[in-house]
Every structure is written in structure tokens, then in C-alpha cells.
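We did not get these values from a lab; they are worked out from the coordinates using the rules stated. The shown structure was predicted, so the numbers you read here are calculated from the model rather than taken from an experiment. Note: ideal-geometry Cβ built from the backbone for every residue, glycine included; neighbour counts use all protein chains shown.
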Amino acid sequence: MSGEESSVGALLRAWRTARGKSQLTLALEAGISSRHLSFVETGRSSPSREMVLTLAETLEVPLRERNALLTAAGYAAIYRETPLDAPAMADVRDALEHILRASQPNPTLVVNRRYDILMTNEAARRLVGFFAPSWRGSPNVARMLLSHDGLRPALRNWNEVTTHVVHRTRSELAASPSRDAADEALLQELVAAEPELRRAAGAPTRPPSVLVPMTMQRGEVVVDLFTTITTLGTPLDITLQELRIETLFPADARAREALSAILAGS
């Protein structure tokens, strides 16, 4: 980004636009004058540290990007990014392990904003092992969906599921001015995959559903699944805020029977 584009005023304006708020609305919600906000966005006034944090809170800016706003304004970042395997995260890991065990027999994954798989339960390991037995790549959901050695051959509605995951992951990464090398590498792969996804889309064959289904098949075994995503409440660490707990549920009785057979190894 150029210096102008990465200034705190430009970043705040971008977040305000993304949230669909006018200057007047944001100013009222944040308790400041719209004139002052206008001066901040245009660079005519430098915001205090407290104002940056107030505006970021009002705009519901993710913690990682709050650090970027503070840095752009000339202040030190305040939010930590603690690796999940750090000793300080022991209690969090224990809680996640409990959630994963309690989710059995439903396959459950803990992923980050790149959809890197950080933790799984036994059901998820068995499901992936059954439908992607040749996968030896990185533990990343988007890459598994895009690869012919991953889940792609097993997904009947590959385009629908993959388009959804690629769009969501790309949107989150592309919106972040604080991307690292791993973010950039995955983002480039997702951008490169989009032309094929558009070509394969075709015309809709059914009305939109309230959920994106996932139909997986290997031989005679067919499993219809849907997913739910859970996040951790009120986190103050970047790692924790970006965690997603994704659980797959069988869509009907037939799917429950097929999933049970897969998990039993039969």
C-alpha cells in the first residue's frame, strides 16, 4: 500500500465504508464530532491513541487490524498474538480439547483465519482419511478442497463448497493490510483458482439453501453434511479471535448411518 493508502485516516475511512456507516453515524456512535472525524480521515488532524481505539471498537475492527490502525497512527500495537501451542494457552487448549471430545461423533476442526487446521477430533481425522486418503499436503481446508489429491474428487458439489470457502477466506485475507508471507501465499493460490471456479459454476440447479451442503462420495458411500462455525467470545488475543471451531453434522438418517460406518472403520 502507498503511504497515503496506509495512513490511519485512509484505513479508518475504508473500515467505515466497509461497515456501511456515514461520517455522521460513526461520529454519533463514537461520541465525537463529525467535523473532527472528517479531519482525521483526510489527514488534517492526528487522532489520539484513545480515539483510534474508540473508532476501532465502534467499527468492530478485528484485533489484528486494530494493531495496524495504531501503528499507522504512530502508536505501539497493544494486542498480542500468542501461538496456540504456547504455555500461556494451556487452559485454552484444554477447553478446545474438551469441545472436540464432546463433539464426537461429529467431525470437528479448529482452524485459523487461513483455514489452517490446528486441532481436530478423531471423527474429523477418520472422515478426511476416508475421503482424501492420498492427501499429504499442508493441513489447510482450502488447499484440500482445491487439490485433486485432497477432497476435490470426493465432493459431488465441489464447485459450490469450494467457491464458498475460497470467497470467505480470500475476503478475510484481502481486507487485511497486515498480511504476512503465509497469508500472501495462500491468497495468491485462491486468486489463481477463481477463474476455474467461475467457469465450473454454471447455472444454479436448485433454489438457494439456508445452509451450504457438502455431499461427499467414495464408491458406494455417500454422506450429506452441513457445517456450523463457533467462535470464542470476547477474546483479547489475536490468535483467539481468529479461531473457528467448525463442526460437520449429518444431514439425515442415511448420512448418520454412513458416517457411523466410516468412523467404525467398516
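Phi-derived couplings, Karplus 6.51 cos²θ - 1.76 cosθ + 1.60 at θ = phi - 60°, listed residue by residue for the stretch 19-32: 8, x, 10, 7, 4, 5, 4, 5, 4, 5, 5, 8, x, 10 Hz, with x used for Gly and Pro. Given the options Ser176, Ser147, Ser22, which has the most mean-square fluctuation in a GNM of the chain, springs set between C-alpha atoms less than 10 angstrom apart? In this elastic network of the chain, the residue with the biggest mean-square fluctuation among Ser176, Ser147, Ser22 is Ser22. The length gained by stretching the chain between Thr228 and Arg101 to full extension, at 0.36 nm per residue less their Cα-Cα distance, is 44.1 nm.
Counting every other Cβ atom within 10 Å of each residue's Cβ, Thr42, Thr162 order from fewest to most as Thr42, Thr162.
Placing R0 at 45 angstrom, the Cβ-Cβ distance between Ala174 and Ala264 gives a FRET efficiency of 0.60 after rounding to 0.05.
With q set to 0.08, 0.09, 0.11 Å⁻¹, the log10 of I(q)/I(0) for the chain, from the Debye formula over equal scatterers at the Cα positions, is -0.41, -0.52, -0.74. Built from the Cα atoms of the stretch 8-72, the convex hull projects on average onto 3.6 nm², one quarter of its surface area. Assign one of three labels to the stretch 146-266, namely rounded, prolate or oblate, based on the Cα gyration tensor with a ≥ b ≥ c the square roots of its eigenvalues; rounded applies when a/c is under 1.5, prolate when it is not and a/b is larger than b/c, and oblate otherwise. Oblate. Compute the distance from the alpha-carbon center of the stretch 124-160 to that of the stretch 163-198, in whole Å. Cα centres, the stretch 124-160 to the stretch 163-198: 18 Å. For the chain, the mean residue ellipticity at 222 nm estimated from helices alone is -15000 deg cm²/dmol, where every DSSP H run of n ≥ 4 contributes -39500 (n - 2.57) and the total is divided by all residues, rounded to the nearest 500.
Note on the chain: GNM, Cα springs under 10 Å; of Arg179, Arg64, Arg35, the largest mean-square fluctuation is that of Arg35.
For helix 49-58, what angle does its Cα long axis make with the longest principal axis of the chain, in degrees from 0 to 90 and rounded to 10? Once rounded, the angle reads 40 degrees.
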